[in-house]
1. Which of the residues belonging to region 119-151 are closer than 19 Å to residue 46 by Cβ, touching a residue at least 40 places away in the same chain (Cβ under 8 Å) and touching a helix residue (DSSP H, G or I) at 6+ places or on another chain (Cβ under 7 Å)?
2. Please return the ranges of strands (runs of 3 or more DSSP E) entirely within region 42-138 where 3 or more residues are of a type in the set (A, V, I, L, M) and at pLDDT 95 or above.
3. Small (Gly, Ala, Ser), at pLDDT below 95 and open to solvent by less than 70 Å² (accessible area, probe 1.4 Å), is that true of residue 272?
4. Can you pull out the residues in region 303-329 that are at pLDDT 95 or above and among the small types (Gly, Ala, Ser)?
5. So, of the residues in region 151-207 that are charged (D, E, K, R) and under 19 Å from residue 93 (Cβ atoms), which turns out to be farthest from the chain's Cα centre (by Cα)?
6. Identify, from the list 224, 255, the residue that is among the hydrophobic types (A, V, I, L, M, F, W, C), within 30 Å of residue 290 (Cβ to Cβ) and open to solvent by 40 Å² or more (accessible area, probe 1.4 Å).
7. Would you mention how many residues in region 289-308 are open to solvent by 60 Å² or more (accessible area, probe 1.4 Å) and within 15 Å of residue 258 (Cβ to Cβ)?
8. Restricting attention to region 152-180, which residues are among the hydrophobic types (A, V, I, L, M, F, W, C) and free of Cβ contacts under 8 Å to residues at least 24 places away in the same chain?
Amino acid sequence: MACRTSRVDLPKFPLKIPHMDDSGIFPFLAQKAATGARTALVTITGVSGSSVRNPGAHLAVAEDGSWRGSLSGGCIEAAVVADAVDAIAAGHPREIRFGAGSPYLDIRLPCGGSVDVLINPVADAAPIARIAALLADRTPALLTLPLEGGAITVEAGMAPWRTRREPAHFTVAHLPPLALTVIGHGASVEALAALAVTADARVTAMTPDRAIADRLAAAGIPAALLNTPRAPVDLTADPWTAIAFLFHDHDWETALIARALAGRAFYVGAMGSRATQRHRAEALAGAGVPADDIARLHAPIGLIPSSRDPQVLALSTLAEIVRDFERVTAREDVVVESAT
């Protein structure tokens, strides 16, 4: 039986800043195309000095000047949108530098560096719809953008690099966004789910507490009700998913954690003290979980030791998860020089 703990009042989601919501860039372009509006996809192709965003970051622009995404935290967006509207009218790609070395003398980046952006008018919405569908299905995708002329192309696939520049095109290797499954009971479950949604993670939850499941579902977070510790739930997550166990009653954990550790989740963590973790490891070993799998369990969970407040524990846990997600998805930017 779950412990009786305080609750967290959840806001209605999505609780996001629309222009900063990267996940909405491709759906934005697809929706605009469906209304007959012309659009452009803007991509950072290079940076020097400090930069808010990395190469491969996007901005989506419609011919009416509406836009979605972020390239610099507000330093150059207005100018980029104006150039994108011009490129849409011209129907031809263009690459522009902002900041140091730019022809725009009145636009300077506070960091003193520069940002190169590629503007691609979207002549055919099909590739945009395809990459939106692939990423929604949590499938890695390669987005190839022509530098001077030609069509935008998309294919399913992974690459060891983040971006690759070749003489005729620039390719961005997109990975699925961070996903988080929160499993447990008590106020920490709701606190972590709420915080992770604001960070644009794809959040789902499992709990034996019907009231928590109902509140999460009402806030727009998918939540499944666990009936027993050995409930036949699927925890074979993809490599871009984290699983966090937040049980006060640790009798619920062993079978579920064993299932999670057998999957491909890049992160599996569990709440509790160091003494609790020693008992947990013994239980997992007794259940036949290999020692290497037990060793990759993050416990005690989080970056802040001995967090007892639900909100602090949520922040501590999410920070650890995001840190590890950045590590497992880190890749280099590649430039392929012309053979001539």
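1. Selection gives 119 alone.
2. 58-62, 114-122
3. yes
4. Selection gives 314, 316, 319.
5. So, considering only residues that are charged (D, E, K, R) and under 19 Å from residue 93 (Cβ atoms), the one farthest from the chain's Cα centre (by Cα) is 166.
6. 224
7. Qualifying residue count for the region: 5.
8. Hits for region 152-180 are 156, 158, 168.
The values are calculated or read from the model by the stated rules, or taken from the named source; none is laboratory data. The shown structure was predicted, so the numbers you read here are calculated from the model rather than taken from an experiment. Because the Cβ atoms are built from the backbone with ideal geometry, glycine has one as well, and the counts that use them run over all protein chains shown. Just the protein is used for accessible areas: all its heavy atoms, side chains included, with ligands, DNA and RNA removed. Shrake-Rupley method; radii C 1.70, N 1.55, O 1.52, S 1.80 Å.
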